[in-house]
1. If the chain between L90 and I179 were fully stretched, how many nm would it gain, using 0.36 nm times the residue separation less the Cα-Cα distance?
2. Based on DSSP, what percent of beta bridges with both residues in the chain are antiparallel, to the nearest 5?
3. Taking K and R as +1 and D and E as -1, what net charge do the other residues with C-beta under 12 Å from the C-beta of R133 add up to?
4. Among A72, L90, F20, whose Cα sits farthest toward the positive end of the charge dipole of the stretch 1-133 (+1 at Cβ of Lys/Arg, -1 at Cβ of Asp/Glu, about the Cα centre)?
5. With an 8 Å Cα cut-off and a minimum separation of 6 or more residues, compute the relative contact order for the chain in percent.
6. Divide by every residue of the chain the summed helix terms, -39500 (n - 2.57) for each DSSP H run of at least 4, and state the resulting mean residue ellipticity at 222 nm, rounded to the nearest 500 deg cm²/dmol.
7. Carbon and sulfur together cover what percent of the accessible area of the stretch 2-161 at a 1.4 Å probe radius?
8. For the stretch 25-160, what class follows from the C-alpha gyration tensor (a ≥ b ≥ c being the square roots of its eigenvalues): rounded when a/c is under 1.5, otherwise prolate if a/b is larger than b/c, else oblate?
Amino acid sequence: MTSEPSNFYDGLADDYHLIFPDWDRAVMWQSEVLDRLIGNELGTGRHSILDCACGIGTQAIGLALRGHRVHATDLSSRSVERARHEAHRLGASLTFGVADLRGLATQVEDTFDVVLACDNALPHLLNDDDLDRAAAGMASRLRQGGLLLATIRDYDRILAKPPTGEGPRVFDGATGRRIVFQIWDWAPDGRGYDLHLFLLRREGEGWNTSEHIARYRALRREDLGGALELAGLSDIRWLMPEESGYYQPIVMARKR
């Protein structure tokens, strides 16, 4: 991982909610799905959760509102500050910190029942060394018997026919009309791509346009599973959206 992800998310922090039709509703829906999955694995009730790629709080805030004890961290300090603001606005009680996925063992104290990394965060780790360090860091923050839960794009499917982008999606809200779309510029070896995220907002008779760029690895399920196994995690399994109800494939693993 280079400084690029922090630059990407620092620059996007103020506008991240705009990529959703209704971010507040997404917070509640995602937490409902994740809470059910956690309950199925660990039993219902209040659990300690480390969301180590929290962004502006899309998963962490909703899980805190459902009664879990949540500590939320991210590489992007501006995203963490935005998450603090949103938690206060929505009445959620949780703690925050700035931490690199590769440095969780030293940058985050305590161990947790659940370690969470959603929204395609892990493919920012562009090489095996960084991926292995992040997997080891996440495993180090799990208590014995704890659950790792992460989500990524379905790159196994994507790599069969690499797309040139996503969208456009048109949203109409209280602040007016906006258009969101992505362009993906693939590396010559087909193993990764530069994502160009465009946000267009209607202003009077014209449009305000912003672009945010990040680099991703096309992370296959086999490669992520191998890193988790190397980190000492077991019972590694995948849930696809049609089974989980979530919008991305989910990998789950346990620390035995």
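1. Values: separation 89, 0.36 × 89 = 32.04 nm, distance 2.59 nm.
Between L90 and I179, full extension yields 29.5 nm more.
2. Here the antiparallel bridges make up roughly 70 percent for the chain.
3. Summing Lys and Arg as +1 and Asp and Glu as -1 gives -4.
4. Toward the positive end, the furthest listed residue is L90.
5. 17 percent
6. So the helix-based figure for the chain works out to -9500 deg cm²/dmol.
7. Working: 2910 of 6320 Å².
The value for the stretch 2-161 is 46 percent carbon and sulfur by accessible area.
8. Note, shape of the stretch 25-160 comes out rounded.
The values are calculated or read from the model by the stated rules, or taken from the named source; none is laboratory data. Predicted, not measured: the structure shown is a model, and the values here were computed from it. No Cβ is skipped: glycine too gets one built from the backbone with ideal geometry, and neighbour counts run over all protein chains shown. What goes into the accessible areas is simple: the full protein's heavy atoms, side chains included, and nothing from ligands, DNA or RNA. Shrake-Rupley method; radii C 1.70, N 1.55, O 1.52, S 1.80 Å.
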